[in-house]
1. Scan region 23-38 and tell me whether some residue there is touching a Lys or Arg at 6+ places or on another chain (Cβ under 6 Å) and on the phi > 0 side of the Ramachandran plot.
2. So which residues in region 1-25 are more than 10 Å from the ligand (Cβ to nearest atom) and not small (Gly, Ala, Ser)?
3. Can you tell me which residue is surrounded by the fewest Cβ atoms within 10 Å (Cβ to Cβ) among those in region 1-23 that are in contact (Cβ under 8 Å) with a residue 12 or more places away in the chain and more than 20 Å from residue 44 (Cβ to Cβ)?
4. When only residues in region 26-45 that are free of Cβ contacts under 8 Å to residues at least 40 places away in the same chain and within 16 Å of the ligand (Cβ to nearest atom) count, which is surrounded by the fewest Cβ atoms within 10 Å (Cβ to Cβ)?
5. Consider residue 48 against the criteria (1) modelled with pLDDT of 90 or more; (2) in a loop (DSSP other than H, G, I, E, B); (3) surrounded by 11 or more Cβ atoms within 10 Å (Cβ to Cβ): it satisfies all of them except one. Which criterion is unmet?
6. Among (1) within 16 Å of the ligand (Cβ to nearest atom); (2) at pLDDT below 90, which single condition is residue 59 missing?
Amino acid sequence: MLPQKKLSIAAHAKLILKSGSYHLMLAKPEKRLLSGHKIQLNFTLSNGDKTSLMINIRKKPRPMKCGAGKCGSM
Ligand SMILES: [Cu+2]
């Protein structure tokens, strides 16, 4: 797993975040993440636009399949 400072997505293209590929990891969340709660993730695009995404917190994380199999789970 290699942390990325930014992700480039061509115009009209898609980048699917998923286990074993590019994905988001919340290493040090400000609040405890509890099952059933929703959190908002905020993104800033290279043109300065901002967008957000609501995420449902699930009870049990799925195992991660990152790199050489040494990706931690949340
Ligand atoms: Cu990861």
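1. Initial filter on region 23-38 (touching a Lys or Arg at 6+ places or on another chain (Cβ under 6 Å)): 35.
After this cut, where a residue has to be on the phi > 0 side of the Ramachandran plot as well, the list is none.
Within region 23-38, not a single residue is touching a Lys or Arg at 6+ places or on another chain (Cβ under 6 Å) and on the phi > 0 side of the Ramachandran plot.
2. Residues satisfying the conditions are 4, 5, 6, 7, 9, 12, 14, 15, 16, 17, 18.
3. 2
4. Filtering region 26-45 for residues free of Cβ contacts under 8 Å to residues at least 40 places away in the same chain gives 27-32, 34-45.
Checking the rest, the ones that are also within 16 Å of the ligand (Cβ to nearest atom) come to 27-29, 41.
Working: 27: 7, 28: 4, 29: 10, 41: 11.
Step by step, filter region 26-45, then rank; the result is 28.
5. So the condition that residue 48 fails would be (3).
6. Among (1) within 16 Å of the ligand (Cβ to nearest atom); (2) at pLDDT below 90, residue 59 violates only (1).
The values are calculated or read from the model by the stated rules, or taken from the named source; none is laboratory data. None of the values given here were measured: they were computed from a predicted structure. With ideal geometry, Cβ positions are generated from the backbone for all residues, glycine too; neighbour counts draw on all protein chains shown.
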